[in-house]
Structures are given as C-alpha cells and as structure tokens.
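Enquirer: Okay, handing you the structure first.
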Amino acid sequence: LSAGVLDTQIMQRLQPTAAIAGMPRSKALRFIADFEPFPRKWYAGAMGFIHQERSEFCVTLRSLLIEGHKAHFYVGAGIMGESQAKIEWQELNHKLSSMLQLVSQYPLSRRPNE
C-alpha cells in the first residue's frame, strides 16, 4: 500500500464487493436501489477492527441482529443472469434454516424485570 493510505479508504474502495453488488458496480448499485424493496442493513456490510498494527474485516453475508425480543436474520444469494428463482429461494431457505437451527439450540431467556 502507498504511504498515507487509511484503512477506511481501502474499505470504501472494496465495499460493496462485486460478489454482493455486481459488476459494473455503478450500474449494479443503481439496479439494487431501484428494484430491491428493502434496506440491506447488516447484510453485505463489513465487520472487523482497525488497529495501529493491523486491521481485519469480513463481509457479513449471514448475520443476526437482536433488538429486544426480536431477531432479524440477514441472508442472501448471488443472482446472475442464468440464475433460476426457485433454486435461489431454496438456497436462501437453506441458509436461513441453518441459522435458525443454531439459534434454537440456545433459547433467549427473559431478562430480570421484563
């Protein structure tokens, strides 16, 4: 890397990745904004840390956000020109069911005073 390049600058250039936004990026992002009927929120974001000596990030392709008594699951699939809708939905359901199975093993208990 060139001297003076900040980790945040690198993240801005990399995100969103081609795997989650498409190519060419500007055209793909316009398509997503025009046709995707919901905000992506945590899906396809980046999670990690920045440190003086090292930074590390990963793309959040499957994530879970717990807000009070609600759980929000985020999963997605890579849609391409030759993708078949039925198969993509099956993939999404498989990803979601594996997350639900993990969470169901550890039920959330009520907090005191709730």
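Enquirer: List every residue pair whose Cβ atoms lie under 6 Å apart, where the two residues are 6 or more positions apart in sequence or sit on different chains, the first residue falls within segment 92-105 and is within 11 Å of Leu64 (Cα to Cα), and the second residue, located anywhere, is open to solvent by less than 80 Å² (accessible area, probe 1.4 Å) and in a loop (DSSP other than H, G, I, E, B).
Expert: Close Cβ pairs satisfying both conditions: Leu96/Val75.
Enquirer: Take residues that are loosely packed, with under 13 Cβ neighbours inside 10 Å and modelled with pLDDT of 90 or more and tell me which of the helices (runs of 4 or more DSSP H) falling wholly in the chain contain 2 or more.
Expert: On the way: elements: 7-14, 18-21, 25-35, 85-104.
So the answer is 25-35, 85-104.
Enquirer: Sticking with this structure for a sec: Identify, by number, the condition in (1) free of Cβ contacts under 8 Å to residues at least 12 places away in the same chain; (2) aliphatic (A, V, I, L, M); (3) in contact with a His (Cβ under 6 Å, 6 or more places away or on another chain) that Leu65 doesn't meet.
Expert: It is condition (1) that Leu65 fails.
Enquirer: Might you check whether a residue that is within 21 Å of Tyr74 (Cβ to Cβ), out of contact with any Asp or Glu (no Cβ under 8 Å at 6 or more places or on another chain) and of a type in the set (Val, Ile, Thr) occurs anywhere in segment 31-44?
Expert: yes
Enquirer: Here's a follow-up. Cβ contacts < 6 Å: first residue under 18 Å from Gly45 (Cα atoms), restricted to segment 1-18; second residue in a loop (DSSP other than H, G, I, E, B), any location; separation 6+ or different chain. Result?
Expert: These pairs meet every condition: Pro16/Ala44.
Enquirer: Just to verify a result, which residue in segment 10-32, among those that are in contact with a strand residue (DSSP E or B) (Cβ under 7 Å, 6 or more places away or on another chain) and among the aliphatic types (A, V, I, L, M), is nearest to Val59 (Cα to Cα)?
Expert: Here the residue is Ile20.
Enquirer: Mind checking which pairs have a first residue in segment 34-51 that is touching a residue at least 12 places away in the same chain (Cβ under 8 Å) and a second that is open to solvent by less than 50 Å² (accessible area, probe 1.4 Å) and among the hydrophobic types (A, V, I, L, M, F, W, C), Cβ under 7 Å, 6 or more apart or different chains?
Expert: Trp42/Leu65; Ala44/Ile20; Ala46/Met11
Enquirer: What number of residues in segment 46-89 are of a type in the set (S, T, N, Q) and more than 13 Å from the chain's Cα centre (by Cα)?
Expert: 4
The values are calculated or read from the model by the stated rules, or taken from the named source; none is laboratory data. In this text, all values refer to a predicted model and were calculated from it rather than measured experimentally. Backbone-built Cβ (ideal geometry, glycine too); neighbour counts: all protein chains shown. When the accessible area is computed, the model is the full protein with side chains, heavy atoms only, and any ligands, DNA or RNA have been set aside. Shrake-Rupley method; radii C 1.70, N 1.55, O 1.52, S 1.80 Å.
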